[in-house]
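Structure first, then comments.
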Amino acid sequence: AQSSSVTIFGVLDVGVQRLTNGNKTLNLESIDGLQTSRIGFRGREDLGGGLSASFHLEGAIGPDVGSGGDWRRRATVSVASKDAGELRLGRDYTPTFWNISKFNAFGTNGVGAASNLVYGFDGASSTAKTVIRSDNSVGYFLPDNLGGVYGQAMVAAGEGSTGRYVGARLGWAGNGLDVALGVSETTNTAAGAKFKVVNLGGSYTVGALKLLGLVHNSKQTTREQKNLVIGAHYALGSGIVRASFVNAQSRNSANGEDYTGKLFALGYVHNLSKRTSLYSTISQVNNSKTGRFLIPGGSAIALGDDSRGIEAGIYHSF
Amino acid sequence: AQSSSVTIFGVLDVGVQRLTNGNKTLNLESIDGLQTSRIGFRGREDLGGGLSASFHLEGAIGPDVGSGGDWRRRATVSVASKDAGELRLGRDYTPTFWNISKFNAFGTNGVGAASNLVYGFDGASSTAKTVIRSDNSVGYFLPDNLGGVYGQAMVAAGEGSTGRYVGARLGWAGNGLDVALGVSETTNTAAGAKFKVVNLGGSYTVGALKLLGLVHNSKQTTREQKNLVIGAHYALGSGIVRASFVNAQSRNSANGEDYTGKLFALGYVHNLSKRTSLYSTISQVNNSKTGRFLIPGGSAIALGDDSRGIEAGIYHSF
Amino acid sequence: AQSSSVTIFGVLDVGVQRLTNGNKTLNLESIDGLQTSRIGFRGREDLGGGLSASFHLEGAIGPDVGSGGDWRRRATVSVASKDAGELRLGRDYTPTFWNISKFNAFGTNGVGAASNLVYGFDGASSTAKTVIRSDNSVGYFLPDNLGGVYGQAMVAAGEGSTGRYVGARLGWAGNGLDVALGVSETTNTAAGAKFKVVNLGGSYTVGALKLLGLVHNSKQTTREQKNLVIGAHYALGSGIVRASFVNAQSRNSANGEDYTGKLFALGYVHNLSKRTSLYSTISQVNNSKTGRFLIPGGSAIALGDDSRGIEAGIYHSF
């Protein structure tokens, strides 16, 4: 119970945002242009013999309205061995989420995020509650001494309801290259329908340039969504230029239709220090005639309308 | 992400309180006799060249029932320059609030607080959601090297709803004197009605005595409330005697009436240390025939009835 | 406001649990097999002359779903004197709770806890809101220099609703023995019906063995529950074997019946360090023909059915 054993960490990221869906424009204060605002506590105890125990508590903050209070970003306890890997229990990110987050020029935050199109079906986020994280999970992580091979597996209890999850991720990183494959299956309806995800992503860094790519397929019964994400980071001065293109195809959507959407995003992050940045991003989503993809947070969108967003903000981590 | 860069701070202030409205008396445990119970985290990063970044997270606590969890007292991120001032984004106090808080012998807490009458219309607190704080705000603060002149301005987005705020405060402090003027306008109904505040306050310290005064006007369409607040602090032994008188005039209230209320308060704060005090306050509100001003927290009040309160508590800050 | 004066502390305790009520089995992730998962902040200020001030904020965490955010485990401020004892205000544990918690081989957590039967009436937890803690309390604690005698008293305001509490606990500890008596009365209905608790518990430690015993009676009007709890801890290797038997008799229950239940529990705690343990517990509740006692968290139980639970988990404190 020494405070010295606990690290307090977090992010405050607040900006101004202008979202236009069709001809309706809304001005907003945004809370996650670069990373989601958050606060967390974590600690690690060395148990000797290569064993350790650790905990991680992390909750989102909405600095625009002062919301917060839960630990729904992550709430886990772990026992780990240097050679045998880590056993982790609690609410945690799903293995399949990490490919969306890592192999995507804008991560999963802000108007340019590929996740604006990737998450769920029909342009709606979080169709399955395990797209990002899972309650009631038991996870296993490979040790980090496998020559660049990394991986994890997770099972999560449905506790008599939906949300039973089984998934895994396996990757390799080295020589500037990083590639990983993820697969998962979630029991997503009371009748037992499965929400299935397969994704394969990679990045390659050469000098100031980092290229990122991801293919991501989601499926439930006959409904299906296919995503292709291509992006780049380019180190420029004390900052990074970021660019991304996302293609999304929705087949046999809720009302039986097929449609597509394309997201184009460009942004710049100006680093004032390792902990503090100013940033701006511009993004546009073009829909096919019955498409309903959008940058979330704005007005309702009419089928086929474009969605546009621009934002500028302050990112500060602690 | 070093815990050393984060300061944990807060207040636990709990007392026993007896409130009498008309002939109905209620015994309560109070949670903000001297200051509102709270917990917060804040930090500041020096960026060099007179620049800095900082964050501030602060949420109220209800130690009587163990409530808490949000950051609705303040949740902001800032970039500041020694010479150019501070840009601050997030949920924050409004400029017009500070005059109510600073030029008032009991601040905005406890049975003796002028805010018991000042806030909102018709004796009801928080008629406008920007009386104390505003969501979605962008604020600017003057630097502190202007020879005693201080000031701030704030705009806040309504995000398609009510609560759009524009306000500012300008003051001067020196030679024991402190005076400040505040003005604001909030879009307070879906139809666009404006809630307008103008207040002018000051304090003057001479030896053991500090005199405080405030005039505060609130207006929305034809409804109007005028307040006059006069108070004093007198350092006595290791404590402070506090006294306050508040006059409140309500014109064209919700049901078209005009009425008045007067608050008289007297209290003593006994400091056990810089961080810990014991205190007691007694207060009385007298209403005109149809007045409905009261000390909040007790039973419902009948028109024209008096409201009386007495409390004693422990204040501890960390 | 120095962070050095604040201690951050907590517990993450997550396990896997299998609960069977009658013939219905549910697999769950558990969050309090050994101790309730929690986070807290506390601090103490020396005021000189044997006086001190302190605060304690502590809230439960549900790491299975990432819940948390309040301080409902405890939220108190205290002023204490070495010789005169401690005055404590806020939300706190009731005196009568401590006998349930201390003189019970499994404390009040997990499938083997005596509290599964002891709390409230009719097998339902928290019939009175003061069984564990009380809102709006004012507590007094004897100083710790009374030759092994310890004690506390609490009154809590109902604030115009139910929950008015008066209670006390008096004990003596020394020479391996610890005994304490608790009594309380809570105004538990709008009509003023009293919920009354009397409990007497003790423990005796000799070498590796600790024996624990408790009698606990709860009564409201004609309804009554009597509990007898017998348990033992046995230090074995780097761990502790725990065993418990609980008898519960319910008289004149909600539907007028009398019934009984018996809980048998056995478990092992393997300590990896002072802060980290692995544990497993198995427990069974046998009901008389109309009994409805159970291990909480599983499926609904039919009258007279048995309730069985097994769990294994990781406990980590910080």
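No value in this document is a laboratory result; all are computed from the given coordinates. This structure is a prediction, so every number in the text was calculated from the model and none was measured. Virtual Cβ from ideal backbone geometry, glycine too; neighbours counted across all protein chains shown.
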Kindly write out, for segment C:141-150 in residue order, the coupling ³J(HN,Hα) from the Karplus curve 6.51 cos²θ - 1.76 cosθ + 1.60 (θ = phi - 60°), rounded to whole Hz, with x marking Gly and Pro.
10, 4, x, 9, 10, 10, x, x, 6, 9
For segment C:239-318, how big is Rg over Rh, using alpha carbon atoms and the Kirkwood form of Rh?
1.12
Selected from A:Gly256, A:Gly151, A:Gly297 as most flexible by GNM, with chain A as the system and alpha-carbon contacts under 10 Å:
A:Gly256
Compute the normalised compactness of chain B: alpha-carbon radius of gyration over 2.2 N^0.38 Å, N being the residue count.
1.01
Quote the FRET efficiency, to the nearest 0.05, computed for A:Asn175 versus C:Leu146 with a Förster distance R0 of 56 Å and r equal to the Cβ-Cβ distance.
0.20
Length-normalised contact order of chain C in % [C-alpha pairs under 8 Å, at least 6 apart]
17 percent
Just the C-alpha atoms of segment B:130-207: what Rg/Rh do they give, with Rh taken as the Kirkwood radius?
1.09
Above 26 angstrom, tally the Cα pairs of segment C:1-153 and express them as a % of all pairs, no decimals.
37 percent
Report the net charge of residues surrounding B:Thr260, where surrounding means a beta-carbon distance below 12 angstrom and charges are Lys +1, Arg +1, Asp -1, Glu -1.
+3
What is the spin-label model distance, in nm, from A:Ala191 to A:Lys289 if the labels are put 7 Å beyond Cα along the C-beta direction?
3.0 nm
Within 10 Å of each Cβ in peptide B:75-82, how many partner chain Cβ atoms are there on average? Round it to a whole number, please.
5
Near-label residues of segment C:247-262 by backbone N, under 18 Å of a point 7 Å along Cα→Cβ of C:Val183
none
Treating only the Cβ of Lys, Arg, Asp and Glu as charged (+1, +1, -1, -1), what charge dipole size does chain C show about its Cα centre? Round to the nearest 20 debye.
340 debye
For peptide A:36-43, what's the mean number of Cβ atoms from other chains within 10 Å of each residue's Cβ?
4
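Tell me, Kirkwood radius of segment A:162-292 from alpha-carbon pair distances, in Å?
Result for segment A:162-292, one decimal place: 17.1 Å.
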Find out how many positive minus negative residues lie around C:Ser317, taking Lys and Arg as positive, Asp and Glu as negative, among other residues whose Cβ is under 12 Å from that of C:Ser317.
+1
With an 8 Å cut-off on Cα pairs and a minimum separation of 6 or more residues, tell me the relative contact order of segment A:220-318 in percent.
21 percent
By Cβ position, which chain A residue lies least far from the axis that rotates chain A onto chain B, and what is the distance to the nearest whole angstrom?
A:Gly69, 2
Over 25 Å between Cα atoms: which of B:Lys210/B:Lys262; A:Lys82/A:Lys210; B:Lys210/B:Lys289; A:Lys226/A:Lys289; C:Lys24/C:Lys102; A:Lys82/C:Lys210 fall into that group?
A:Lys82/A:Lys210; B:Lys210/B:Lys289; C:Lys24/C:Lys102; A:Lys82/C:Lys210
Add +1 for every Lys or Arg and -1 for every Asp or Glu among the other residues with Cβ under 13 Å from the Cβ of B:Ile230, and state the total.
+3
Which whole-number percent gives the relative contact order of segment B:129-219, counting Cα pairs below 8 Å spaced six or more residues apart?
18 percent
Relative intensity, log₁₀ I(q)/I(0), of the protein assembly as shown from a Debye sum that treats every alpha carbon as a point, q = 0.08, 0.10 Å⁻¹:
-0.92, -1.35
Cut-off under 5 Å, modelled amide H: who pairs with A:Ser67 long-range:
A:Gly62, B:Trp71
Of C:Thr20, C:Thr276, C:Thr222, which has the largest mean-square fluctuation in a 10 Å C-alpha GNM of chain C?
C:Thr222
Restricting the calculation to Cα positions, tell me the Rg (one decimal) and the Dmax (whole number) of segment A:70-173 in Å.
14.6, 43
